[in-house]
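**Student:** Below are the structure tokens for one structure; questions will follow.
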Amino acid sequence: SKGVLYQYSHEYSAPWLGSDFSFNKFMLQAQVFHTLARWRNNKSRVTFAGLAALGYVWGPEINFIEMWDLSSQTEAGGILVLGGDRSLRGFREARFMAPTIALVNLEMRTRLYDFDLWKQHFSVGLTPFFDFGSVWDSPRQMGFTDWRGNGGIGARLGWNQSTILRLDYAQ
């Protein structure tokens with residue numbers, strides 16, 4: 001519920017390593033979490049969560065599959081290119097794809113209520129969010145035009161400490 005994570009991941013593929021392809025891919029990511037309010041003896045809370053990511057893939061022979069994920073090294077198996085439930089919610093999965101990608105996710109995560117049922121612990125919350133991002137053919141083309149964004153809201157059901165069931169809605 002609080003903290004900052006900075007991450008740099010770099011993937012390198014070359015024939016001398018046994019690959020059929022030759023490329024580099026990096027992703028730079030920053031995540032911030034800050035709890036703004038707590039109540040009910042710290043059981044309920046509102047937490048701001050933000051993510052900013054920048055990715056780029058280049059090289060003389062890039063495997064097309066590598067264009068489909070910003071980084072396979074990130075939490076929960078990677079961030080797909082823009083669109084879908086992990087990047088631009090409300091757009092079709094992988095709707096926007098190019099060698100250079102920027103993504104920002106902003107969420108206001110609320111835990112409203114928690115309870116025990118059948119020896120299991122559950123929590124219920126709502127998460128308003130806003131996602132925006134853009135893609136370019138090269139870093140030189142990056143700018144503040146042609147960004148796409150969506151706001152929406154999500155419902156969260158936490159089950160014990162390791163599972164979160166979620167349903168997000170955005171248009």
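**Student:** Considering only residues that are under 21 Å from L112 (Cα atoms) and either aliphatic (A, V, I, L, M) or open to solvent by 60 Å² or more (accessible area, probe 1.4 Å) (or both), which ones fall in the range 129-142? Lay out the reasoning, then the answer.
**Tutor:** Of the residues in the range 129-142, the ones under 21 Å from L112 (Cα atoms) are 129-130.
The answer is F130, and nothing else.
**Student:** Can you name the condition, by its number, that D114 falls short on among (1) within 14 Å of the chain's Cα centre (by Cα); (2) more than 24 Å from L5 (Cα to Cα); (3) open to solvent by less than 70 Å² (accessible area, probe 1.4 Å); (4) acidic (D, E)?
**Tutor:** (1)
**Student:** Restricting attention to the range 143-167, and to residues there that are open to solvent by 80 Å² or more (accessible area, probe 1.4 Å) and not in a strand (DSSP E or B), which single residue is farthest from G83 (Cα to Cα)?
**Tutor:** Q161
**Student:** Give just the number: which of (1) of a type outside the set (F, W, Y); (2) outside any strand (DSSP E or B); (3) under 30 Å from S1 (Cβ atoms); (4) touching a strand residue (DSSP E or B) at 6+ places or on another chain (Cβ under 8 Å) does L106 not satisfy?
**Tutor:** The single condition L106 does not satisfy is (2).
**Student:** For T47, are the conditions met, namely being surrounded by 17 or more Cβ atoms within 10 Å (Cβ to Cβ), in contact with a Lys or Arg (Cβ under 7 Å, 6 or more places away or on another chain) and at pLDDT 90 or above?
**Tutor:** Values: surrounded by 17 or more Cβ atoms within 10 Å (Cβ to Cβ): yes; in contact with a Lys or Arg (Cβ under 7 Å, 6 or more places away or on another chain): yes; at pLDDT 90 or above: yes.
Yes: the conditions hold for T47.
The values are calculated or read from the model by the stated rules, or taken from the named source; none is laboratory data. Source: prediction; values computed, not measured. Cβ coordinates were reconstructed from backbone atoms using ideal geometry, including for glycine residues, and neighbour counts include every protein chain displayed. To get the accessible areas, we keep the full protein, side chains included, count just its heavy atoms, and leave off ligands, DNA and RNA. Shrake-Rupley method; radii C 1.70, N 1.55, O 1.52, S 1.80 Å.
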